[in-house]
1. By how many degrees, 0 to 90 and rounded to 10, does the Cα axis of helix 189-200 deviate from the longest principal axis of the chain?
2. Using only DSSP helix segments of four residues or longer, with each worth -39500 (n - 2.57), what per-residue ellipticity at 222 nm results for the chain after dividing by its residue count and rounding to 500?
3. Summarise the long-distance tail of P(r) for the range 251-365 by giving the % of C-alpha pairs beyond 23 Å.
4. Quantify, in whole percent, the carbon and sulfur part of the accessible surface of the range 209-311 (1.4 Å probe; protein heavy atoms only).
5. Would you work out what percent of the accessible area of the range 677-809, with all protein chains in place, is carbon or sulfur (probe 1.4 Å)?
6. So what's the angle, to the nearest 10 degrees on a 0 to 90 scale, between helix 26-39 and the longest Cα principal axis of the chain?
7. Just in the range 729-809: which GluC sites (Glu not before Pro) are loop by DSSP and have at most 15 other Cβ atoms within 10 Å?
8. List the pairs from 702/768; 749/795; 654/733 whose alpha-carbon separation is above 23 Å, in the order I gave them.
Amino acid sequence: MKLSLNWLNDFVDLNEIKKIENINDNGTLAVKLAEKLTGVGFEVEEIIETGKCLKNVVVGKIVKIERHQDAERLFVCQVNLGDRNVQIITSATNVFEGATVPVALDGADLANGIKIKSSKIRGVESQGMFCSGEELGINDGLYEGAEINGILIFKDEFIPGTLVSKALFLDDYVLDVSITANRPDAMSVIGLAREICAIYRLKIREQDLSYNVGSEKIENIVNVENKDFQLCPRYMAGAVSEVKIEKSPLEIRSRLFVVGVHPINNIVDITNYVLFEYGQPMHAFDANNIDGKKIIIRRAEKGEKISALNGSTYELSNNNLVIADENKPLVIAGVIGGTNSCINENTKTVVFESASFERSQIRKTSRGFGIRTDSSARFEKGIDLLSQELGLRRALNLIEKFGAGKIANGILDKKEEEVKNLEVSVSKNKIDKILGISFDEKDIVEILSSLGIESKINGDEICLSIPPYRFDIENDNDVAEEIIRMYGYGVYDNISKPLFEGASVMVGKHDPILKLQRELKQILICKGFYEINSYSLVPSEAHIKLGLGNRSNEVVKISNPISDELSVLRISMAHSLLSNISFNVKRNNKDIKIFESGKTFHAKSVPLTEQPTERNILAFASIDPADDFYTFKGVIENLLERYNQKFIIDYSKKAFLHPGISADFTNENGEVVASFGKVNPVVAKEYEIPENTYYAEVDCDKLLALPLKTFKVKKISKFPIVERDLAIVVDEKVTVGSLEEIIKQCCGKNYNDVKLFDIYRSEQLGDKKSLAFRIKLLSDEKTLSEEDINKVIDKILRRTNELYGAVLR
């Protein structure tokens, strides 16, 4: 749930909170509110400063435009900023004298990463830059013209010198609040406002939801029949005639924009606005598409179909609830609307739906059709029976404020019983026992009252009157939770030490090795690999099958195994993955790409006198024809690119890998951190798998000890990159990695990149190979001359010849 402070201020006096906390700015206020909300059970995952990229961006009015004297395509503009004029040079062709535009001044840091500095352009001073919508981080939904290929021209009469963040109502902070499953009432601005008022013992600001109605009665526009109160306990409808479909006011568009909703038009924006403000999903019908002027809430008939707003057509069953007219379904209730009832630019009469649906019904329907919408997400968690009235009244109130149409006289409200508070009795002694603290009766009454819960204490009995929106409170445990979260971590902050002797507060975090494995797994998933899980126990002959020889002094045997197939702890992940591939190949499953993260176990001595050494290994394998040695090398490099290490690649000594088509990555300490290559043909035959099987493993424990890269920002050179191709002949045993390292060293400060693009072998070359590299050189100081380039190439040839006997091909 994203909570805008500007929006919150409609319900909570934020200036009063600033006085209480002795703070002055909204940034500090956002941090303090995040701490308080987290303390009472609502974790704030992020604080977003919406106007961060708009600092030093102001509204300017162009008063004069002249062509640049030394550049035909540049224009010198004199711009009024209210208290002064500045000079801006631009190449934009859509600006004109009298245009009001956003001006980024010296020090501005725009949304696309551009930092603004005053500078001379062709000898003429430019004190800033005109901005497009993209550079401000906005779109057409917020402000029309933001997505054009040019400078954003403000159509509103903004005052020159005004900060653009204020003009666009983006001077705001947004809290991204994680709402627990049992608190759907907090998935709204008013819900979190109630919590904040409870924390600070403030009174919530009541909204004026009044509106004026016309002479036309709603019954002349639409009627409602509810045939299933079990699945739809309350259905309300209101109507508006003479509707004007247009843009919403800028402040409304801004509020929707900062919480991640794309503004569309005033009617759709009103439904989204009410969803975020009151947590009530709404739907707007075009009244002209409601046959018989009647809305019917019913179960769908088997075989009925509906074309939904997402472009798909769904066949319905009797298990689905629909909102229909006399002839057809209009909406899959609580999930998605149909194209045959939605509003459009020609709509003249709108019917607003504000309803409550049984949450398990919505969950089943949503998952059954594979549809996930904001409305279905809210209904799945549960909507109280009070929000429908508040939401509908707010929608009609906004219609009047926007001047969007005439509101029909009356509201249709279909429900079986009146909405009232839930009466619950709990035991004070039981609550004290649950929490391990004896509470003063005055504290209990004050805490519950701040949460909107009326309470009376009569001896041990606490009688509660709970508002409809807190339907999560049912018994002693629920009440105890409400008391302790406010008493211990809210306003009072009374819990300063553990409740139990010897207890300690634990800071939640992932174990470093698990965090690393999760990040590495994600890379493999992106590369098309699928995760498997297998037993750590393997057959006693597994290491023999892998060609590892006699490892009886290293293998941990199980004293009473279930079977010989699960008799020893594995010393390599290879058996698990190759066995899995073998199993699938025998069942004609092809193109297998799998990985597994697990432990291997190595006895220090046999019989065991101490616990075996455990190693965390990430292994992956493939029989996909598209994969080869270089594919696996690339994957390993992706896994290792985060580390500040110069890895050396050399032939692998793993027995189960092909002796000529495999390699090890070794760190600067000489430790092998990763091995990969084609599976040894002998091993492949043992497992009855294709010869073209590739396998790799990474030692996560060794990776964890390596330092991570730190990144430095480097200015991009204004001089051109120079490319040279170099083909050299070396012995077969010389590795590409070692040659690339020599090339880097020889290029020195002019090095930009080096890539191998060809390997050539022939009878003429014998036991040698030809390697072709593409070398890129770049200087920060000048354009490299032919002489400079030749010096580098000569140095590379001389050095590779000295170390590896390399000769130019």
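The values are calculated or read from the model by the stated rules, or taken from the named source; none is laboratory data. Worth saying up front: this structure is predicted, and the values here are computed from it rather than measured. Counting neighbours? That spans all protein chains shown, and the Cβs are built from the backbone with ideal geometry, glycine included. Just the protein is used for accessible areas: all its heavy atoms, side chains included, with ligands, DNA and RNA removed. Shrake-Rupley method; radii C 1.70, N 1.55, O 1.52, S 1.80 Å.
1. 90 degrees
2. -8000 deg cm²/dmol
3. Tail of the P(r) past 23 Å holds 31 percent of the pairs.
4. 43 percent
5. 50 percent
6. Between the helix axis and the principal axis of the chain, the angle is about 90 degrees.
7. Sparse-neighbourhood loop GluC sites (Glu not before Pro): 732, 763, 781.
8. 702/768
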